[in-house]
Amino acid sequence: MNFTSDKDEFNQLSAQLKGKVQQHIVNNELAEAKLILQSIEKYIPLDAEIYSFKGIISLYEEDKEMAIKEFKAGLAIDSGNSDLLYNLAEVYKGLNDIPNAYRYYQRAKDSTEDMELLNELETILTDLEFHPLMDTHEGPDRKKVLIIAHIFPPLGGSGVQRTLKFTKYLTEFQWKPIIVTTGDSSYPLIDQSLLSEVPENLTIHRINEPTNLTQTDKQELLNVYNTVVNNKEIIDEYISEINTKQLSVVAPDPYIYWAVHVIRKIKNDVDMSDIDIIYTTSGPYSDHLIGYMLKKEFNKPWVADFRDEWTNNPYAEYDPQSSRYKIEYLMEKNITKYADHLVTTTPLTTNNYIQNFHVNPNKISTITNGYDEDDFNGLIHLQQTSNKFSIFHNGLLYSIRTPITFLKAIHNLVSRGLINKEHLHIGFSWTENDELWRKYANDLGLIDQIEFYGYLSHQESLNKALASTALLLIVGPGEKNKSMYPGKIFEYFRLNKPIISLSPINSGVEALLTETGRGKNADFNDIAEIERIIEDFYKRWLREELPKFKLDETIVKFERRELTKNLASTFEKVLDSVQQTNTKTRLAFFSIKDGDKFLHDIIDHLSSLYNIRKFIITDVSQIEPAMEWADICWFEWCDKLIVHASNLSIARSKK
């Protein structure tokens with residue numbers, strides 16, 4: 001059988017049918033065009049051109065929403081198709097959605113080499129820049145969110161992408177972001193290229209990290225501890241440890257004094273009466289302490305986003321008996337209670353917060369990390385073929401996240417002759433200690449096969465990843481790593497490359513790989529299984545049988561714009577919930593330390609009827625301010641406290 005001839009015939013038939021569809025559309029014979037498309041879909045895989053036809057037909061039928069859906073489906077297959085981009089921009093322009101129209105016209109301009117179209121697009125874009133609806137940051141219906149994010153461009157690293165992309169797209173969902181971030185900073189990773197992605201009209205307040213600490217700074221830090229931790233015994237124990245050991249870095253992280261300065265200065269920079277909601281994102285966890293203090297002072301709804309868990313973080317080396325652990329655990333516990341809503345990046349992390357801190361499931365959401373389609377425009381033109389079996393790790397390697405078991409597996413395969421060393425090329429971006437891993441690679445006889453690039457800009461890292469045969473995802477060992485989704489996994493999905501994952505068995509990452517079919521996972525310490533996966537990929541590469549993935553519905557749900565839509569929806573729900581709560585009777589539960597174990601079910605049961613707060617009393621001076629807030633006071637397992645409360649004059653007006 002002549003497969004080449006059959007393929008040529010198939011392509012000729014496909015081209016003929018598409019030509020007929022196009023002619024019917026030109027003649028406004030839509031029924032005939034749709035009939036042929038129905039036949040084509042039975043035998044020919046849907047491609048960008050077919051989706052373009054379907055979108056144009058929807059436009060003729062005046063179904064603009066369906067046209068948008070069809071054009072976007074085509075872009076999911078070919079993100080650089082200038083015809084699709086242009087058509088989608090035209091639809092948005094017709095809907096008076098000028099910001100989106102501008103965005104897709106710009107993408108069409110970046111994707112085409114047709115000079116006539118380029119000139120037309122230049123004219124359109126120039127005109128739209130002065131359109132009255134082009135100002136995407138203002139408007140009478142646009143609410144304002146104050147975003148506290150220490151890590152924001154030009155600071156780099158994987159953690160910056162989530163906040164950067166949220167700020168990019170929030171305006172499309174009627175939210176104006178106002179950023180509070182650092183100016184001068186000791187943070188080690190800088191990526192100046194990210195500044196080009198920051199929206200031009202974004203309001204940013206930069207507050208420098210302090211270089212010299214004053215007595216005022218230290219006193220204000222103690223005030224933050226007293227407010228957030230609210231446990232004099234543990235605070236005194238921790239302060240004593242700081243003084244005894246002369247610690248220079250104090251809980252929760254090196255940026256706590258920056259947080260103290262933000263709390264002090266923010267009211268001079270931001271009109272808090274104009275803010276609808278506060279959003280804080282960690283790490284660093286000091287961001288959440290700012291949120292706690294601002295909510296308390298200005299009574300604003302607050303959403304706390306945990307990009308990673310805190311005291312349950314697999315990369316945190318806590319001694320559970322230490323005062324450092326105790327004070328941070330209480331910070332985390334009280335933040336999860338006081339925030340109006342929590343956001344995490346994985347379902348397992350969400351479940352951990354529900355289980356470990358008794359968070360009401362209605363008060364916590366999962367919004368994963370993702371990929372931004374705009375970051376992938378034009379990357380396809382940079383892809384190069386290679387005679388190397390190349391594996392690339394994009395991201396940061398540090399602490400327990402190391403390449404040691406992967407490199408051992410490679411060494412074993414080469415030693416047994418199962419992989420030709422001359423075929424290999426392995427690339428790593430930033431590691432905590434390049435020299436250590438160079439020496440390790442040299443000891444294994446792999447130094448000529450491995451390249452350490454250091455910190456790469458976001459675009460450089462995507463280009464390296466796209467030029468690779470397979471992508472390496474190192475999550476690390478341990479039970480706690482089960483709940484993690486490294487942010488880069490979603491960009492790996494979008495790159496349509498097979499993935500070699502080193503993550504705990506039954507982890508969230510393994511579940512994602514199974515759901516999407518995009519790669520294989522081995523336990524970080526299971527070298528034999530890592531070898532099996534690499535050998536399988538290598539043999540399939542030799543036979544030119546590695547899978548060629550396409551963008552589909554299992555992946556596009558992780559696009560940053562969709563995820564930002566989820567965040568905006570969360571903000572709206574929080575505002576609605578707070579408004580409802582403010583009309584409820586306020587019920588305060590009072591308890592001594594460890595005396596609240598029986599209250600969790602009661603609070604969960606009553607939370608739909610009352611606006612509830614729980615107060616763990618360590619000093620009787622805490623009682624009266626709490627009673628002032630409450631309509632009803634409930635004392636549990638604390639006879640001495642109720643005696644004290646009963647003698648207060650305020651008790652006469654309370655139930």
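A short reminder: the numbers here are calculations on the coordinates, not readings from a lab. The structure presented is a predicted model; accordingly, all values stated were derived computationally and were not measured. Because the Cβ atoms are built from the backbone with ideal geometry, glycine has one as well, and the counts that use them run over all protein chains shown.
Please state the shape class of region 423-564: rounded when a/c is under 1.5, otherwise prolate if a/b exceeds b/c and oblate if not, all from the C-alpha gyration tensor.
Judged from the Cα gyration tensor, region 423-564 comes out rounded (a/c under 1.5).
Whole angstrom only: what separates the Cα centroid of region 535-604 from the Cα centroid of region 204-220?
Comparing the Cα centres of region 535-604 and region 204-220, I get a distance of 33 Å.
In nm, what is the difference between 0.36 nm times the number of residues separating Leu606 and Gln246 and their Cα-Cα distance?
125.0 nm
With a ≥ b ≥ c taken as the square roots of the eigenvalues of the C-alpha gyration tensor of region 584-653, please select rounded if a/c is under 1.5 and otherwise prolate if a/b is larger than b/c or oblate if it is not?
Oblate, because a/c is 1.5 or more while a/b does not exceed b/c.
With respect to the cross-link table entries Lys326/Lys557; Lys295/Lys584; Lys265/Lys573; Lys218/Lys655, which display a Cα-Cα separation exceeding 28 Å?
Long pairs (Cα-Cα over 28 Å): Lys326/Lys557; Lys265/Lys573; Lys218/Lys655.
Evaluated at 25 °C with a viscosity of 0.890 mPa s, what Stokes-Einstein diffusion coefficient in µm²/s does the chain have when Rh comes from the Kirkwood expression over alpha-carbon pairs?
Estimated diffusion coefficient is 88 µm²/s.
Most exposed first by the Cβ proxy, i.e. fewest other Cβ within 10 Å, how do Trp258, Trp637, Trp437 rank?
Listed from fewest to most nearby Cβ atoms, that is Trp637, Trp437, Trp258.
Determine the gain in length on full extension of the stretch Lys267-Thr214; use 0.36 nm per residue of separation and subtract their C-alpha separation, reporting nm with one decimal.
Here the answer is 17.1 nm.
Relative contact order for region 321-368: what percent, with Cα pairs under 8 Å and sequence separation of 6 or more?
39 percent
Which aspartates and glutamates have a Cα lying under 16 Å from the Cα of Lys421, excluding residues fewer than 8 positions away in the same chain?
Correct list for Lys421: Asp443, Asp448, Glu451, Glu531, Glu535, Asp536.
Mind giving me the nanometre distance, one decimal, between the label points for Glu451 and Leu575, set 7 Å out from Cα along Cα→Cβ?
Reported label-point gap for Glu451 and Leu575 is 4.9 nm.
What FRET efficiency, computed as 1/(1 + (r/R0)^6) with R0 = 30 Å and r the Cβ-Cβ distance, is obtained for Thr126 and Leu46, rounded to the nearest 0.05?
After rounding to 0.05, the efficiency reads 0.25.
Order by neighbour count: Glu241, Glu432, fewest other Cβ atoms within 10 Å first, most last.
Ascending Cβ contact count within 10 Å gives the list Glu432, Glu241.
Between Leu133 and Thr227, with labels modelled 7 Å along Cα→Cβ, what's the label distance in nm to one decimal, could you check?
Distance between the two pseudo-spin positions: 4.3 nm.
With contacts defined as alpha carbon pairs under 8 Å and 6 or more residues apart, what's the relative contact order of region 466-543 in percent?
29 percent
May I ask you to compute the full-extension gain from Asp631 to Thr618, defined as 0.36 nm times their residue separation minus their alpha-carbon distance, rounded to one decimal in nm?
2.5 nm
Using a basic spin-label model with each label point 7 Å from the Cα along Cα→Cβ, how many nm lie between Ile190 and Lys408?
Distance between the two pseudo-spin positions: 3.9 nm.
Return P(r) of region 501-553 (all Cα-Cα pairs; 10 Å bins starting at 0; whole %; ordered from short to long distances).
Distribution as computed: 24, 46, 28, 2 percent.
Enumerate the lysines that Lys482 could reach by cross-link, defined here as Cα to Cα under 21 Å, with residues fewer than 8 away along the same chain left out.
Straight-distance partners of Lys482: Lys520.
With both partners inside region 143-366, how many of the DSSP beta bridges are antiparallel, as a percent to the nearest 5?
The antiparallel proportion sits near 5 percent.
Here are some pairs, Lys337/Lys593; Lys54/Lys497; Lys388/Lys497; which of them have Cα atoms lying more than 18 Å apart in this structure?
Lys54/Lys497
Compute the relative contact order of the chain as a whole-number percentage, counting only Cα pairs closer than 8 Å that sit 6 or more residues apart in sequence.
10 percent
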